[in-house]
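Take a look at the structure below.
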Amino acid sequence: MYRNQNLLRTFSRLAAAVVFAVIFWASNVSAQEASENAAVDPTPTPAKSQALWEVGLAGGVGSFANYPASDDYRVRAIPLPYFIYRGTFLRADDEGTRLRAKFTPSVELEFSGGGALSSNSNSGGPRAGMPNLDYLLELGPSLKIIAAKPSPSSRLIFDVPVRAVISSNFYSRVDWRGVVFAPDVGIENNKILGTQWGGRVGVGTEFATARTQQYFYQVDTQYALPDRPAYNAHGGYLGSNIEVAVYRPLTPHFRIYAYGRFDLYNGARNEDSPLFKSDTGFGAILGFAWSIWQSKEMADHGNGSFTESGGGLR
């Protein structure tokens with residue numbers, strides 16, 4: 001228990017240091033930009049116009065664990081078409097597809113989704129001989145609060161999502177997998193240090209119901225082995241993470257991006273499961289997005305100077 005508390009305390013301090021360092025950096029950028037803008041033009045610069053919709057092709061190569069706290073990783077390369085729509089109430093962009101209702105300029109409620117790729121248990125690893133892990137789909141409301149805008153190109157956001165989880169192999173079954181609660185805080189900047197690089201740093205934690213955690217950590221009697229005893233998983237704390245994403249447009253319609261994530265599972269509710277193999281985890285993606293067709297109609301970003309789709313990559 002003492003070891004768990006030390007690791008969680010270390011993670012909390014690291015997370016706080018990352019967020020406050022970025023806020024401090026963004027504040028310095030804000031002061032510098034304000035000084036430069038005052039000397040040139042006292043009026044605020046509006047957000048750069050973006051097409052109301054666009055269609056393109058995205059691709060990437062990434063490595064992720066097969067499930068939370070697994071020590072079995074996989075590498076995948078995935079090209080796929082994408083569609084972005086920047087409507088007032090319906091949005092489909094870097095942050096996913098969602099319906100949203102703005103209560104104030106800084107508070108909005110979204111109805112959005114997420115997911116995870118499937119995993120083949122027949123290839124070996126701690127789940128060898130057990131059922132495959134299907135694709136996971138998440139859907140539910142999320143309260144998003146813009147807590148601060150340290151500079152014209154950055155913002156600090158609290159995101160509080162509650163999502164239902166289902167699994168599916170997309171051809172013969174769909175199963176209910178419980179509910180997840182995953183609040184996080186992040187800072188986005190679409191003009192890092194005045195360059196064309198944009199990005200996001202976020203710190204989050206995740207809790208899940210018993211049904212969700214059973215999907216990852218349950219070992220039923222028929223799958224028990226001498227080194228994998230039967231185990232009944234419980235709901236509760238799942239883990240915490242730090243995410244970093246950066247991107248850069250190379251042309252008006254083509255950009256590159258990189259994403260990295262560090263996970264800490266120490267102290268999780270089911271760390272006694274024989275399928276719980278690692279206190280830490282990581283993931284990384286390198287990729288591109290190519291916008292092929294765009295509408296002539298422009299999206300309405302409101303009165304703010306932050307381009308809303310700039311900080312996605314989540």
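The values are calculated or read from the model by the stated rules, or taken from the named source; none is laboratory data. Everything numeric in this text was worked out from a predicted model, so none of it was measured. Here Cβ is always computed from backbone atoms with ideal geometry, including for glycine, and neighbour counts include all displayed protein chains.
Could you grab me the full set of residues in the range 144-164 that are more than 17 Å from Asn189 (Cα to Cα) and either among the charged types (D, E, K, R) or over 15 Å from the mean Cα position of the chain (by Cα) (or both)?
Listed by number, the residues that qualify are Arg163, Ala164.
If Phe276 passes every condition in (1) aromatic (Phe, Trp, Tyr); (2) surrounded by 14 or more Cβ atoms within 10 Å (Cβ to Cβ); (3) modelled with pLDDT under 95 but one, which one does it miss?
Checking Phe276 against (1) aromatic (Phe, Trp, Tyr); (2) surrounded by 14 or more Cβ atoms within 10 Å (Cβ to Cβ); (3) modelled with pLDDT under 95, the one that fails is (3).
Criterion first (under 30 Å from Pro274 (Cβ atoms) and either touching a residue at least 40 places away in the same chain (Cβ under 8 Å) or part of a helix (DSSP H, G or I) (or both)) does Glu188 satisfy it?
Answer is no for this residue.
Of Ile285, Ile292, Ile242, which residue is touching a residue at least 60 places away in the same chain (Cβ under 8 Å), of a type in the set (A, V, I, L, M), part of a strand (DSSP E or B) and closer than 21 Å to Val55 by Cα?
It is Ile292.
Table: residues versus (1) at pLDDT 95 or above; (2) among the polar types (S, T, N, Q); (3) touching a helix residue (DSSP H, G or I) at 6+ places or on another chain (Cβ under 8 Å).
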residue	(1), (2), (3)
Val107	no, no, no
Gly125	no, no, no
Leu133	no, no, yes
Leu156	yes, no, yes
Ser168	no, yes, no
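Take the residues in the range 156-172 that are assigned to a strand (DSSP E or B) and not hydrophobic (A, V, I, L, M, F, W, C), then tell me which one is surrounded by the most Cβ atoms within 10 Å (Cβ to Cβ).
It comes out as Pro161.
Please go through (1) outside any strand (DSSP E or B); (2) modelled with pLDDT under 90; (3) buried (at least 18 other Cβ atoms within 10 Å of the Cβ); (4) polar (S, T, N, Q) for Ser70 and return the number of the only condition it doesn't satisfy.
Condition not satisfied by Ser70: (2).
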